[in-house]
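Take a look at the structure below.
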Amino acid sequence: MIYSEKVMDHFANPRNVGEIEDADGIGEVGNAKCGDIMKMYIKVNDSVITDVKFKTFGCGAAIATSSIATEMIKGKPIEEALKVTNKAVIEALDGLPPAKLHCSVLAEQAMKAAISDYYTRQGIDPTPFVGETCGCDDCEGCH
């Protein structure tokens, strides 16, 4: 499998790894088929994601997509962060092999799950903002 330089860089030197003890939102997603699990933590102030960290159990592509996704939403208003799609993650990494595209979907879902959790903790129904969070193990089938 051939990975871009950006994928290799984010795999070898992942950004924003760790957890936020007093996170305002936590999202955890997994794919039973490949065994990848992503957990994303966000800190929010005035509707802006001021900090974001992740922990990923998975392959190099899963780690790279988690890393770049955190960079793409850090410092951004929630509204803007919700517009980050798996396709944007793939483009930011200069592409992914077809067999690893599901990792970008997981990264998008982890971000949305963390934002959804943030809204829920605020007593706000996240569905109008985040949409339905799928919850299935194999999201390639339902997206």
With θ set to phi - 60°, apply the Karplus curve 6.51 cos²θ - 1.76 cosθ + 1.60 along region 49-56 and write out the HN-Hα couplings as whole Hz, x wherever there is a Gly or Pro.
6, 7, 8, 8, 9, 9, 10, 10
Using 1/(1 + (r/R0)^6) with R0 = 30 angstrom and r between the beta carbons of ASP46 and ILE2, what's the FRET efficiency to the nearest 0.05?
0.10
Packing-based order for 48-60, 1-13, using average beta carbon neighbours within 10 Å, highest first:
48-60, 1-13
Return the calculated 222 nm mean residue ellipticity for the chain, to the nearest 500 deg cm²/dmol, obtained by summing -39500 (n - 2.57) across DSSP H runs with n ≥ 4 and dividing by the residue count.
-12000 deg cm²/dmol
Calculated diffusion of the chain, Stokes-Einstein form, Kirkwood radius summed over Cα pairs, 25 °C and 0.890 mPa s, µm²/s
166 µm²/s
Go through LYS76/LYS100; LYS33/LYS74; LYS43/LYS74; LYS6/LYS112; LYS43/LYS100 and tell me which ones have a Cα-Cα distance over 21 Å in this structure.
LYS76/LYS100; LYS33/LYS74; LYS6/LYS112; LYS43/LYS100
If packing is taken as the mean number of other Cβ atoms within 10 Å per residue, what is the order of 25-32, 123-130, highest first?
25-32, 123-130
For a protection proxy built on the mean count of beta-carbon atoms within 10 angstrom, sort 81-94, 104-117 highest first, please.
104-117, 81-94
Suppose R0 equals 30 Å; then what is the FRET efficiency for ALA99 and GLU79 from their Cβ-Cβ distance, rounded to the nearest 0.05?
0.35
Quick calc: nm separation of the 7 Å Cα→Cβ label points for GLN122 and ASP22 -> 1.8 nm
Theoretical gain in end-to-end length, LYS87 to PHE57 [0.36 nm per residue, Cα-Cα removed]
8.7 nm
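Read the figures in this text as sums done on the coordinates, not as results from a lab. From a predicted model like this one, the values you see are computed outputs, not experimental measurements. Reconstructed Cβ throughout: ideal geometry from the backbone, glycine too, with neighbour counts over all protein chains shown.
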